[in-house]
């Protein structure tokens, strides 16, 4: 069978099923990536969310022994929200990053890749494949770069000529030896806008990220957020788009191609106070279908408390006091106490002092003391 002819058929079929860009790459070892990952590991720049060993992440044959090619796909998502609700003094709001605005992209991409797999099996009944989206071992970005989907920018995102970096990526490893496509030339040039704009300095140099400092990572952690990052997060509930928003390649880029990627404004920009008291069932019903819910409600509630502190929302003090006094989770109680201190009303400080008398958890007590220290800072000015 003519593999090149089938490749063209696959490309045409991909357009019919809602794939915006498709590219073909060899299944050779990702040697350069392997060295980069080793450096990342040595420097402790890992997030800890990565799946598999460095070998599994860079050697496709470990995942599919007969691997010959990798098919990379990209789906564009919106960068602007229509009818976005305003954050007001009476209703302060948080924000989910754009990649979490619509239906969970893992679901969207797996659907497209499964259809692509079925189509290929019709042409090659003996074919074998393995599909992956984000949580798989392979680096989606490394595959996309090799397959000519786009180039890897200094912000570590794949930047496509058509859609900028606002694309979801996924791949299909196959034992069919398709002719690979050519990579796209890097066109970041001397631009350093993403490095300069990163709120925490997580972009160490062009193309190198310290995940431990990246707000997108930090918003997904479940423990106390280190103090130095609390003032940097602002009202972000999940993720961070700064390095993409400032990128010149993303200016005027806004595609509304797929209904399932469209944001639901009240979910993408949720009111912060109601998030503090949301039940597990309500959380699943409201946020369960978006990518930002994968770590559960605890990190998002912690971030909501930090967001209310960012706004110095005095209307939230009563609600936050209830959280500090009654929530069974130490991290949430402690963050509530810190938030109260940051907001800084007399009611907030009195509540912290009262709760401190009975609080047993040392971590929470430490946060309460920090909350009360804000009072001393104010009086010293």
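Values quoted throughout were computed directly from the atomic coordinates according to the rules given, and no laboratory measurement underlies them. Values in this document were obtained by computation on a predicted structure and should not be read as measured data. Please note: Cβ atoms are built from the backbone with ideal geometry, for glycine as well, and neighbour counts cover all protein chains shown.
With axes computed from alpha carbons, what is the tilt in degrees of helix 3-16 against the longest principal axis of the chain, rounded to the nearest 10 within 0 to 90? Roughly 40 degrees between the two axes. Cα convex hull, segment 249-330: 139 Å³ per residue, rounded to a whole number.
When Rg and Dmax are taken over the Cα atoms of the chain, they come to 23.1, 80 Å. Percent of Cα-Cα pairs more than 25 Å apart in segment 140-249, please. Across segment 140-249, Cα pairs with separations above 25 Å total 29 percent. The packing ranking, built from the mean of other Cβ atoms within 10 Å per residue, places the peptides 245-254, 156-165, 62-71 in the order 156-165, 62-71, 245-254, highest first.
Between the alpha-carbon centres of segment 70-105 and segment 161-223 there is a gap of 18 Å. Here the Kirkwood formula puts the hydrodynamic radius of segment 292-340 at 10.7 Å, using every distinct Cα pair. Its DSSP H runs of at least 4 residues, each contributing -39,500 (n - 2.57), put the calculated 222 nm mean residue ellipticity of the chain at -12500 deg cm²/dmol, to the nearest 500.
Could you give the angle, 0 to 90 degrees to the nearest 10, between helix 297-311's Cα long axis and the longest principal axis of the Cα atoms of the chain? The helix 297-311 is inclined about 60 degrees to the chain. A Stokes-Einstein calculation at 10 °C with viscosity 1.306 mPa s, built on the Kirkwood radius of segment 216-367 over Cα pairs, returns a diffusion coefficient of 96 µm²/s.
Taking 209, 43, 276 in turn, the Gaussian network model of the chain (Cα-Cα springs below 10 Å) assigns the largest fluctuation to 43. From the largest down, segment 1-148 spans 65, 44, 21 angstrom on the principal axes of its Cα atoms. Normalised by the number of residues in segment 312-381, the average gap of Cα pairs under 8 Å and 6 or more apart makes the relative contact order 33 percent. Residues in segment 1-20, backbone N under 14 Å from the label point at residue 294 (7 Å along the Cα-to-beta-carbon vector): list them, ranges by number please. Of the residues in segment 1-20, none has backbone N under 14 Å from the label point off residue 294.
Taking only Cα atoms, what is the 0 to 90° angle, nearest 10, from helix 330-343's long axis to the longest principal axis of the chain? The helix 330-343 is inclined about 60 degrees to the chain. Measuring nothing but how far apart in sequence close Cα pairs (under 8 Å, 6+ apart) lie, relative to its length, the chain scores a relative contact order of 19 percent.
Based on the Kirkwood radius over alpha-carbon pairs, what is the Stokes-Einstein translational diffusion coefficient of segment 312-381 at 10 °C with 1.306 mPa s viscosity, in µm²/s? So the translational diffusion coefficient is about 138 µm²/s.
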